[in-house]
1. Can you list residues from other chains, or at least 5 along the same chain, whose modelled amide H is less than 5 Å from the amide H of Gly238?
2. Considering the chain, which cysteines have no disulfide-compatible partner, defined as another cysteine with its Cβ under 4.7 Å away?
3. Binned at 10 Å from 0, what are the whole-percent values of the Cα-Cα distance distribution for region 6-120, short to long?
4. For region 261-322 and region 35-76, compute the distance between their C-alpha centroids and round to whole Å.
5. Tell me, what is the FRET efficiency for Arg98 and Ala228 to the nearest 0.05, using R0 = 41 angstrom and their Cβ-Cβ distance as r?
6. Please quote Rg/Rh for region 1-63 to two decimal places, taking the Kirkwood radius as Rh and restricting both calculations to Cα atoms.
7. Suppose accessible area is computed on protein heavy atoms with a 1.4 Å probe; arrange Thr183, Thr211 from highest to lowest.
8. Residues of region 129-415: accessible area per residue at 1.4 Å, in Å²?
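The values are calculated or read from the model by the stated rules, or taken from the named source; none is laboratory data. Computed from a predicted structure; not experimentally measured. When we count neighbours, we look across all protein chains shown, and the Cβ atoms used for this are built from the backbone with ideal geometry, even at glycine. Heads up: the accessible areas ignore ligands, DNA and RNA and are worked out on the full protein's heavy atoms, side chains in. Shrake-Rupley method; radii C 1.70, N 1.55, O 1.52, S 1.80 Å.
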Amino acid sequence: MTEYPRLLVSDRKGRVFDIKVRAAGMAGHNLYPLNPADLLPLPFGSELFYLPGRLPIGLDPDGNPFSLPEYTAVGGFVSPGYTQLFLPAYLEGPRPHRLPLFAYTAVAFYKGKVHAACIRVDRERRQDIRLMDMRAAGRCVRRFRKEYPANRLIRHLERCALEYGCPAGKNFFLGRYEAPLPTSPVCNAACVGCISLQEDSGCPATQPRITFVPHPEEIAEVACIHIARVRHPVVSFGQGCEGEPLAVSPVLEEAIRIIRSRTSKGTINLNTNASYPEALASLLAAGLDSIRVSITSFQPECYMRYYRPKKYDFADVLESLRIARKAGIHIAVNYLVFPGFTDSRPEIQRFFTILKRYRIDMVQWRNLNIDPVYYIEKMKFPKDMPAVGMRHLIEMVKKHFPSVSHGYFNPPKEKWYNT
Ligand code: SF4
């Protein structure tokens, strides 16, 4: 008999094992069998979670779904560079606690290994923890304490790297790829799944926000240290441990001017919710090289329901894209993927309109870190929402927009158009 992907479950103690039941995955409200073509061996650095208060759903030999109340559901948190195709299939039991802010991917046991329903979208090993020598990072932390005793931003990045385990923070001390430049304690949005500030959801933020605005000199010092050490360096405003960088744009503008007065090397990038077009214009004039706009939906009503903006709306985001396009910089979309929604027809229609109108250069297919059922409820997804499948969506973009590059990480200017 042909081997099929088997369901992974857990007991009440969190011990994970497979059982002789066909594995299934979810996309929005819909259930799908997990086929070998959808699966990859669980990427190194991924984690398996048991999902308390959630009953796993499997399929009987005729493909009919049934829940298994004697077990607890399991999901995977796949490592950077991989995009999820399906969510775990489960039923919420009575009064479940909100799941913490991770992206939960369907997993199964197949050919003797744990597999995840995901696709690799970026081959770069920027955040591969096997390549991060933490003793070397620690030595650099100690050296920078002596060399830059007054730089508060470096002190903040020490916590990011050593306490929060942030790969971007580690890469700064290791002198690899991209360095983070967090600057803003505030944000003009209140995203349902904000990883740096959670006020009403019953689940903790993943890492607390920076509590001060660094001086332009402190920011420029960090950026120039990194630019001098790395072959194709990227330095990026807009990190998981801050609010919206455009909210403190005068500081960023000054910092960019200082960096560019010292070096023309490197890519100065802004990860942003793109809510302040005028502020963005001032950064472009100062020498900003690229932007990455984070977005869960290109449908204005869905955007507003998730971002819950204060004093801006979706039109401002589009105006920022127009200004960036006019300035000719590299524009990436940080598309926060949710299977069953991102690949739904209404969303694809809007997405393709935006790709065409603003000639977007790159799509970063990142997984939305959120409790799936909570998100479906908050976004009021209709039950009968037709979806084409995440893998098919990515193929459609490749077919209809061949010049658009695909990935997960902010590329340096030397690699912008190497699709
Ligand atoms: S835009 Fe970013 S910082 Fe602001 S609420 Fe959303 S996720 Fe949080």
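1. Residues meeting the criterion, in which the H sits 1.01 Å from N, are Leu181, Thr183, Asn271.
2. Unpaired cysteines in the chain: Cys118, Cys140, Cys187, Cys203, Cys224, Cys241, Cys302.
3. Histogram of Cα-Cα distances, whole percents per bin: 16, 53, 29, 3.
4. 37
5. Working: r = 44 Å, r/R0 = 1.07.
Efficiency at R0 = 41 Å is approximately 0.40.
6. When Rh is taken as the Kirkwood radius, the ratio is 0.95.
7. Details: Thr183 0, Thr211 125 Å².
So, going from the largest accessible area down, we get Thr211, Thr183.
8. On a per-residue basis, region 129-415 sits at 39 Å².
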